[in-house]
Amino acid sequence: MDPRETLRLAVRSVRAHRLRSTLTVLGVVIGIASVIAFASFGASVRTDVVSQFEGTSANAIYVTPGEGEGGPDDFGGLARPVFTAHDVERLRAVD
């Protein structure tokens with residue numbers, strides 16, 4: 001088929017179905033905008049989290065899904081560190 005004929009048919013189809021063509025273009029624009037927005041949001045959150053941890057001298061970070069009620073050493077029964085403070089002191093004594 002001739003490329004000019006194909007282009008002519010495509011233009012005629014778009015003109016004949018203006019509402020459908022407009023809605024398709026609108027959907028593509030909204031989709032691209034939402035992908036860009038979520039990607040930039042994710043990048044900014046990652047940068048914020050990394051900058052918060054770079055300022056500390058911690059060599060281990062524990063992430064838990066909630067906050068305990070008993071203070072900073074209470075993990076609320078959700079997760080426990082592999083080594084306790086007692087274990088770390090014993091390991092340092094061995095060196």
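Kindly write out, for the range 39-56 in residue order, the coupling ³J(HN,Hα) from the Karplus curve 6.51 cos²θ - 1.76 cosθ + 1.60 (θ = phi - 60°), rounded to whole Hz, with x marking Gly and Pro.
5, 5, 4, x, 5, 6, 5, 4, 4, 5, 5, 5, 5, 5, 7, 5, x, 9
Starting from 0.36 nm per residue, how many nanometres of slack lie between residue 30 and residue 58 once their C-alpha separation is accounted for? Please list the in-between numbers first.
Working: separation 28, 0.36 × 28 = 10.08 nm, distance 4.23 nm.
That pair, residue 30 and residue 58, stretches by 5.8 nm at full extension.
May I ask you to compute the full-extension gain from residue 1 to residue 15, defined as 0.36 nm times their residue separation minus their alpha-carbon distance, rounded to one decimal in nm? Before the final figure, lay out the partial values.
Working: separation 14, 0.36 × 14 = 5.04 nm, distance 2.10 nm.
Result: 2.9 nm gained on full extension.
How much of the accessible area of the range 2-54, probe 1.4 Å, is carbon plus sulfur, in whole percent?
Details: 3310 of 4720 Å².
Here it works out to 70 percent.
Does the range 1-67 come out rounded, prolate or oblate, given a ≥ b ≥ c as the square roots of the eigenvalues of its C-alpha gyration tensor, rounded meaning a/c under 1.5 and, failing that, prolate meaning a/b above b/c? Before the final figure, lay out the partial values.
On the way: a/c = 5.80, a/b = 3.85, b/c = 1.51.
Judged from the Cα gyration tensor, the range 1-67 comes out prolate (a/c at least 1.5, a/b above b/c).
The values are calculated or read from the model by the stated rules, or taken from the named source; none is laboratory data. Because the structure is predicted, anything quoted here is derived from the model rather than measured. Surface accessibility is based on the protein's heavy atoms, side chains included, excluding ligands, DNA and RNA. Shrake-Rupley method; radii C 1.70, N 1.55, O 1.52, S 1.80 Å.
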